[in-house]
Every structure is written in structure tokens, then in C-alpha cells.
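For reference, the structure is listed below as C-alpha cells.
The values are calculated or read from the model by the stated rules, or taken from the named source; none is laboratory data. Bear in mind the structure is a predicted one, so any value in this text is a computation, not a measurement. Ideal geometry is used to build each Cβ from the backbone, glycine not excepted, and the neighbour counts take in all protein chains shown.
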Amino acid sequence: MLRKVILETAYNSISLYVVLFGAMMLSKLLTMSGLSVGILGLVEGMGLTGYGLILAIIVIFLVLGCVLDSMAIILIFVPLFAPVVAAQGFDLIWFGIIVVVVTEIALITPPVGMNVFVLKAVLPHLPVLRIFRGLVPFIAVGLVRLALLVAFPAISLWLVTHV
């Protein structure tokens, strides 16, 4: 029994580290290739500035959250968007908080909602549609929280400025 638990734990840990390593390598490759500079040029060419840029990034992260897990999204795409956000004059701590919040909202939104299928594995007797219906209030509150954090950055930066 103990041997089986240790082997399963080792397998899960190794799987997690392989994903982490792959995401870090891809992120490093994309950063070294100058993709973030290209994205900055694209953003400037599109005329996206300020909160329009943040809204576009939020939509991108919501879509990505439907098909990728949060760790992959954060490790691959934050290094690409962070220089663009910093160039627009936004606080990177605030941006990090926004990314975490929007990624976690994305993981429970239809059509995929990766965390929904984790819950389905734990509670196989519940239909997926019922789980999604039960998540509607959480998604709504999460979106309100996200809107407040975007509209009032001081909410997320209060502790940082007072420590």
C-alpha cells in the first residue's frame, strides 16, 4: 500500500515537473525570439493602450483558460505580456494579480472549464451541466471582483504599499 502511494506520488510529481519544465522552456524560447517585442509593436500598431490593452489581455486569458491549465498559461504567456503591460505604465504586481484572478475564472467557465472536470471526477454522480449551472454565481462574482480590481488598482496594491 505504502509503495503504491509513493509510486503514484512520484509519478504525479514528475508529470507536474515535466509540464513545468516544458512551459518554462517554451516561455524562454518565445521571450528570446523577441516575440514580446513583436507583440509590443502589434499592440502599438493596433492602437491598444491603457485599459483597452488590459481588456484585450483579459479576453485572451479567458479564452486560453478554457483549454490550458493555469500554470501553463502563467508560465507561457505572462513573460510575453508583462513587458507590454510595463511599457504602458501599469504596475506589474497589479498585473500579476489580474492574471491570477482571470485565469482562475477561466478555469471554471464553459465550454471546457478544466476545474469542472476535476470536480466531475470527484463527484461522478453529478451531471456536468448541473455543475456548470452551480458555478454561474461564482463566475458572476469573479467577474465583478475582476472589474473592481481593474477599475481600482489600489484595492490589490493596498497591502504592498502599506508594508
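In the set (1) surrounded by 13 or more Cβ atoms within 10 Å (Cβ to Cβ); (2) at pLDDT 85 or above; (3) under 23 Å from Pro153 (Cα atoms), the condition left unmet by Ser70 is number (2). Which of the residues spanning the stretch 108-123 are buried (at least 19 other Cβ atoms within 10 Å of the Cβ) and in contact (Cβ under 8 Å) with a residue 40 or more places away in the chain? Residues satisfying the conditions are Thr109, Gly113.
It is to be established whether one or more residues within the stretch 6-27 are assigned to a loop (DSSP other than H, G, I, E, B) and surrounded by fewer than 11 Cβ atoms within 10 Å (Cβ to Cβ).
Within the stretch 6-27, the subset assigned to a loop (DSSP other than H, G, I, E, B) is none.
Within the stretch 6-27, none of the residues are assigned to a loop (DSSP other than H, G, I, E, B) and surrounded by fewer than 11 Cβ atoms within 10 Å (Cβ to Cβ).
The residue that is farthest from Leu53 (Cα to Cα), counting only those in the stretch 91-133 that are out of contact with any Pro (no Cβ under 8 Å at 6 or more places or on another chain) and aromatic (Phe, Trp, Tyr), is Phe117. When the stretch 124-149 is filtered for residues that are surrounded by 13 or more Cβ atoms within 10 Å (Cβ to Cβ), over 21 Å from Met71 (Cα atoms) and β-branched (Val, Ile, Thr), the ones remaining, listed by number, are Val128, Ile131.
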